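Visitor: Quick one: this structure, given as C-alpha cells, is what I'll be asking you about.
Just so you know, all these numbers are worked out from the coordinates, no wet-lab data involved. Here the structure is a predicted model, which means the values were calculated and not measured. Positions of Cβ are generated from backbone atoms using ideal geometry, with glycine treated the same way; all protein chains shown enter the neighbour counts.
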Amino acid sequence: MGQPSGPVIARPLVARACGCLREFQHYAVDRYRAQRLAKFQKTRCEVCVAKLHEAQRQAAAAIPKKGEAFRQLPPGTQMTITRRANGTWTGSLTAEGTTVHADGEGPHGVTLALARAWLAATGKIPAVAPAAPPAPAG
Ligand SMILES: [Zn+2]
C-alpha cells in the first residue's frame, strides 16, 4: 500500500526519536508522506537502534542464570516467601544486611527474582533496566 514513487524531490534533515538528524526523502508521488514523516520522527535512527539492541543483548547476558544467581548468594542468606490471598507470591531476601523484595506468579519465580534483585542491589551484577519496547519495524 501507498509505496512512494517518482524521483526524490527533497531531502530535509529531520530529528528522529533519538535526537539524531537524518535525511527524510520527499518523493514526487507520496500519498502518505505525513504518516511516513510522523513514523520517521517517532523512531530511532538505524545507528541508535543497533546500539540499543547491543545494550539489551549485553544486559541479558549479564543476568545470571538460575543456578548461578543462587550460587552467588552468601552463606546465611534468608528468604521468606508468602502466598497472598489472590494466589500470587511475595517474598523478601536478606543477606549481609541488605534486604530486597519481589513479587511473582509462583514461588520459583519469586526466589529467582529475589536472588537477582539482591545481586543487583549489592552491585554484584548490573542493575537490570526494564526491557525497552521493541523498535517498530521499518
Ligand atoms: Zn540516533
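Visitor: Ignoring everything except DSSP H segments at least 4 long, calculate the 222 nm mean residue ellipticity for the chain; use -39,500 (n - 2.57) per segment, divide by total residues, nearest 500.
Guide: Numbers: 4 runs with 48 residues, N = 138.
Helix-only estimate at 222 nm: -11000 deg cm²/dmol.
Visitor: Where does each of Val110, Val14 land when they are ranked from fewest to most other beta-carbon atoms within 10 angstrom? It would help to have the intermediate numbers written out before the result.
Guide: Details: Val110 25, Val14 13.
Least crowded to most crowded, the residues run Val14, Val110.
Visitor: Pick from Pro107, Pro64, Pro75 the residue whose mean-square fluctuation is largest in a GNM of the chain, springs joining Cα atoms under 10 Å.
Guide: The residue with the greatest mean-square fluctuation here is Pro75.
Visitor: Under 16 Å Cα-Cα from Lys39, which aspartates and glutamates qualify once same-chain neighbours fewer than 8 residues away are excluded?
Guide: In chain and number order, the partners are Glu23, Asp30.
Visitor: Using the per-residue mean of other Cβ atoms lying within 10 Å as a proxy for protection, in what order, highest first, do the peptides 113-119, 35-41 fall? Intermediate values should be presented prior to the final figure.
Guide: Values: 113-119: 23.9, 35-41: 14.1.
So the peptides 113-119, 35-41, ranked by packing, come out 113-119, 35-41.
Visitor: Mind checking which lysines have their C-alpha under 19 Å from Lys65, skipping anything on the same chain fewer than 8 residues away?
Guide: Lys124
Visitor: Right, here's the next one. Counting Lys +1, Arg +1, Asp -1, Glu -1, what net charge surrounds Leu119 among other residues with beta carbon under 14 Å of its beta carbon?
Guide: Numbers: positive: Lys65, Lys66, Arg71, Arg116, Lys124; negative: Glu68, Glu96.
Summing Lys/Arg as +1 and Asp/Glu as -1 gives +3.
Visitor: Over all directions, the average projected area of the alpha-carbon convex hull for the chain comes to how many nm²? Intermediate results must be reported in sequence, preceding the final value.
Guide: Details: hull surface 49.2 nm².
For the Cα atoms of the chain, the hull's average projected area reads 12.3 nm².
Visitor: So how tilted is helix 107-121 from the main axis of the chain? Cα-based, degrees 0 to 90, rounded to 10.
Guide: Long axis of 107-121 versus the principal axis of the chain: about 80 degrees.
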